[in-house]
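The values are calculated or read from the model by the stated rules, or taken from the named source; none is laboratory data. Only a predicted model underlies this, so the values are computations on that prediction, with no experimental measurement involved. All Cβ positions, even for glycine, are placed from backbone atoms using ideal geometry, and neighbour counts span all protein chains on display.
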Amino acid sequence: MSPVHPLDEAATARAVIDGNGTLLRWSEGARRLLGHAPEEVEGRPAADLLATGTPVPAEPTGNRWNGSLDLRHRDGHTVSVWLLAHRRKPQDGGPATWLVVTPLEARGPRSPDDPLTTAVLAQSPCPMAVYDDRLRLFGVNDAMADVIGLPESRIQGLRFSEIGGKEESEALEAQLHEVLVTGTSRDVETFMQTGGEYHAHAWLARMAPLTDAEGQVRGVCLAAHDFTEQYNARERLQLVNEASVRIGTTLDVTRTAQELADVCVPALGDFVSVDLLDPPEHGGEPHPEPPTLPIRLRRAAHQSVDQGCPEAVVKPGQADVYPARSPQAASLTTSRTIVAPDDHATLAEWLSWDEVRGARIAEYGLHTIMSVPIKARGQTLGVAVLTRSRRPDPFTPDDVLLAEEVTARAGVCIDNARRFSRERETALALQRSLLPQSLPRTAAVEAASRYLPAARAGVGGDWFDVIPLSGMRVAMVVGDVVGHGIAASATMGRLRTAVRTLADIDLAPDELLTHLDDLVLRLSTEAGVEGTTGEVGATCLYAVYDPVSRRCALARAGHPPPVMLPPGGPPRQIELPAGPPLGLGGLPFESVELAIPEGTVLALFTDGLIENRERDVEANHELLCHALAESADSLEGACHDILRTLLPVGGAQDDVALLLARTNGLPPSQVATWDIPADPALVAPIRKQVVDQLDAWELTAATFTAELVVSELVTNAIRYGEPPIRLRLIHDAETLICEVSDSSHTAPHLRRAKTYDEGGRGLLLVAQLTQRWGSRHTADGKTIWAELSLLGEF
């Protein structure tokens, strides 16, 4: 009798029944079982096949049903069968059907000598091993013997740890013991080398207890499944996810390159270096074409499994030149990944251009190199070089794809960091050009300053200035424009220019802030929508100090008040009306005038100095006062100590401007004042008094010019001004100032006299003879002043 074909329909009885219980299909096996031909039963109710008295089963609620039924044979006798029914999905939108099957030949218990039973262990593709109740190897199949690399006869009776000989083997043996003791199966994942292989595999070890007829555990069965491919795929996905999280945490090029190297070690290589092309000297985008040979690269970062990166030939920050036959140059010029050795050259040939590298590679056993170009947005940025020494396996195509994926992510982050750095440097250059390059030397104050951009947000709109005014006075200003970046810096430059212009006409602090508020409103209108305000916001503190009277007038517009440190006294905050921030419009500003002892240190600053997350404003004020008091002997040192004390280690969250000024007083001996009668005939005696005073000051070399200037200014005051009229001379080591005040508010105008005009040449003569001249309005009238330089006079 020929064997039954595995796919022979007659080997089982099969029937298809629809949802109404009608027979749709009847197989040859079913005919053999019950004797009915297909044409006799198809289309009839399936219940007709039940034996007399057998109830019709209820329709199953699930997708599968099994049970025993008594069926009626064609010749009338009853056949008891076990049936298995499956619900089949509807096809082409039709109703669901049931497939009912039952085997025609029942098999008895398996015999140990049955050829199929015997072949289970011997021919199973799954490596299997059996351990007895002492966890000694009882037997293995051929697949497990191949995995171990030893024949069964040599390892029978050994423990698992004795066969493996590694720490991982001891851990698995402990798991086998747990299964033997508890009788509970378990699955264990491990990564280990077997059979003398040079690379490890990922294994899923399935451990199950073996019991006798009484249920007593007599041993453990171990089935091993190699899921290295799935494990590697999972590891690659995990590395890509890790790279997306770890690379690009900052907008710093060097930090980003180091993050790339850290991610790749040891997951991809034992030593990784990241070398970048230098950006264009004058900014702009890198060229999209591949770099020309030889290629100059600068080491940005490297990492190694060995502490200190002993394999490195180039230190971070150093540049090196790579010729055409180097892997770095080959990958950059071809814009593809190079793995060495390859079909074209051995590793020694790849590195023949550099004896030092060749010796270093031989010393540390580096056996394979992968050079991956770093690109972003069509631009070539550099190259990442990965090498292996401890890992014996070479780079695979999967390793290349993974390295390219990680490097591509890093390339975008490096390009973003470079763009940010370029924009930040542009903003810093603009900021530096708009801030004072150096503070002017004045007789009124000794000053020192600092500006620090925000650590993350970059430059902003903070500024400071020291502006010499007439009469030896000086203006000090600190301001802050809302926002960061080039726009804030540009707005700051416009406001600083406006302040210097308004200061030049000697406006009082509150009047100056009013005019500045109007300017900010106009800037807001230009930047935003008509009818809205606040698009451009700023705060400002403006102070004017007079060394003759030793008084200081201050006003602020929403800015932090200054701190003063009088000589011999504790530091304290100057109480000023807060004033509205600039840009709100329509609200008044108030100024305060107070006496300032000579030698007082004034500290003007922006809110970035005292507002941070580590401490509240009050605590920062106390630290500021303490640092100012401790190091006020040197203003430069005080600036350094204040910033070091108040700012966090990682840098300020907002940009910071700090201005320190120590006040000087002009002694009465350097000031001379006369009340002038409104009589032109008395101008000559006045000139004589001025000459005598200059002789007393030992400034005789300036007598001629000063006499002419005083004569013109006094004559104009008598002729066009209103009494009382006052003349004042002020001098220091560099400048002589002549001031004439009267109670008229009419300001003089410089004009060019015509040929036959009798007047109009006085102020023109003053302008030609002096270094500077001008007028300022006071509460009582006006003051005309002129400055004569004493440098070079003697």
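Annotation: of all residues in the stretch 174-200 being among the aliphatic types (A, V, I, L, M) and at pLDDT 90 or above, the one that is nearest to R234 (Cα to Cα) is V188.
The condition of being assigned by TED's automatic domain parsing to the domain that holds T254 and more than 19 Å from Q258 (Cα to Cα) holds for only one of T387, T334, that being T334. On the given criteria, is S470 at pLDDT below 85 and more than 22 Å from L609 (Cβ to Cβ)? When the stated conditions are applied, S470 does not pass them. Residue pairs whose Cβ atoms lie under 6 Å apart, separated by 6 or more positions or on different chains, with the first residue in the stretch 525-549 and farther than 23 Å from P588 by Cα and the second modelled with pLDDT under 65 and not basic (K, R), are A527/E535; G528/E535. Just checking, does the stretch 273-280 include any residue being assigned to a helix (DSSP H, G or I) and either buried (at least 16 other Cβ atoms within 10 Å of the Cβ) or of a type in the set (D, E, K, R) (or both)? Checking the stretch 273-280: not a single residue is assigned to a helix (DSSP H, G or I) and either buried (at least 16 other Cβ atoms within 10 Å of the Cβ) or of a type in the set (D, E, K, R) (or both). Residues of the stretch 248-272 that are over 24 Å from R391 (Cα atoms) and not acidic (D, E): G248, T249, T250, L251, V253, T254, R255, T256. Here the stretch 566-611 is the region considered, the condition is being in contact with an Asp or Glu (Cβ under 7 Å, 6 or more places away or on another chain) and of a type in the set (S, T, Y), and the residue that is farthest from D655 (Cα to Cα) is S591. Every listed requirement among (1) modelled with pLDDT under 85; (2) surrounded by fewer than 18 Cβ atoms within 10 Å (Cβ to Cβ) is met by G164 save one, (2).
Among the residues of the stretch 691-721, just one is of a type outside the set (S, T, Y), closer than 20 Å to H745 by Cβ and surrounded by fewer than 15 Cβ atoms within 10 Å (Cβ to Cβ), namely R719. With respect to being at pLDDT 90 or above and aliphatic (A, V, I, L, M), A15 fits the description. Just wondering, is there one or more residues in the stretch 710-717 that are closer than 24 Å to P547 by Cβ and modelled with pLDDT under 90? Looking through the stretch 710-717, at least one residue is closer than 24 Å to P547 by Cβ and modelled with pLDDT under 90. For the stretch 582-590, state whether one or more residues are buried (at least 17 other Cβ atoms within 10 Å of the Cβ), at pLDDT below 90 and on the phi > 0 side of the Ramachandran plot. Yes; the residues of the stretch 582-590 include at least one that is buried (at least 17 other Cβ atoms within 10 Å of the Cβ), at pLDDT below 90 and on the phi > 0 side of the Ramachandran plot. If we keep just the residues of the stretch 654-705 that are hydroxyl-bearing (S, T, Y) and in a strand (DSSP E or B), which is farthest from I737 (Cα to Cα)? It comes out as T663. A362 satisfies every condition listed in (1) over 25 Å from Q238 (Cβ atoms); (2) at pLDDT below 90; (3) not in a helix (DSSP H, G or I) except (3). In a helix (DSSP H, G or I) and either farther than 23 Å from W463 by Cβ or among the hydroxyl-bearing types (S, T, Y) (or both), is that true of C625? The answer is yes for C625.
Annotation note: Cβ proximity below 6 Å between a residue of the stretch 490-508 that is assigned by TED's automatic domain parsing to the domain that holds V592 and a residue that is basic (K, R) and modelled with pLDDT under 90 (sequence gap 6+ or interchain) occurs for D506/R776. Suppose the filter is out of contact with any Ser or Thr (no Cβ under 7 Å at 6 or more places or on another chain) and either modelled with pLDDT of 90 or more or outside the structural domain of T600 (by TED's automatic domain parsing) (or both); does Q693 pass it? Answer is yes for this residue.
As a summary of the residue check, M207 satisfies the conditions (1) within 25 Å of D133 (Cβ to Cβ); (2) over 50 Å from the mean Cα position of the chain (by Cα) except for the one numbered (2). The criterion of at least 3 residues that are free of Cβ contacts under 8 Å to residues at least 40 places away in the same chain and in contact with a helix residue (DSSP H, G or I) (Cβ under 6 Å, 6 or more places away or on another chain) is met, among strands (runs of 3 or more DSSP E) falling completely within the stretch 161-252, by 186-192, 201-211. Note on the stretch 591-609: residues that are outside any strand (DSSP E or B) and either surrounded by 14 or more Cβ atoms within 10 Å (Cβ to Cβ) or of a type in the set (S, T, Y) (or both) total 8. Got at least one residue in the stretch 110-127 being surrounded by 13 or more Cβ atoms within 10 Å (Cβ to Cβ), in a strand (DSSP E or B), modelled with pLDDT of 75 or more and in contact with a strand residue (DSSP E or B) (Cβ under 8 Å, 6 or more places away or on another chain)? Taking every residue of the stretch 110-127 in turn, none turns out to be surrounded by 13 or more Cβ atoms within 10 Å (Cβ to Cβ), in a strand (DSSP E or B), modelled with pLDDT of 75 or more and in contact with a strand residue (DSSP E or B) (Cβ under 8 Å, 6 or more places away or on another chain).
Among the residues of the stretch 411-438, the ones that are at pLDDT 85 or above, surrounded by fewer than 16 Cβ atoms within 10 Å (Cβ to Cβ) and not in a loop (DSSP other than H, G, I, E, B) come to 1 in all. Pick from the stretch 137-150 the residues that are touching a strand residue (DSSP E or B) at 6+ places or on another chain (Cβ under 9 Å) and of a type outside the set (A, V, I, L, M): which of them is surrounded by the fewest Cβ atoms within 10 Å (Cβ to Cβ)? For the stretch 137-150, the residue satisfying everything is G139. The condition (being of a type in the set (G, A, S) and either modelled with pLDDT of 90 or more or surrounded by fewer than 19 Cβ atoms within 10 Å (Cβ to Cβ) (or both)) is satisfied by just one residue among A488, A448: A448.
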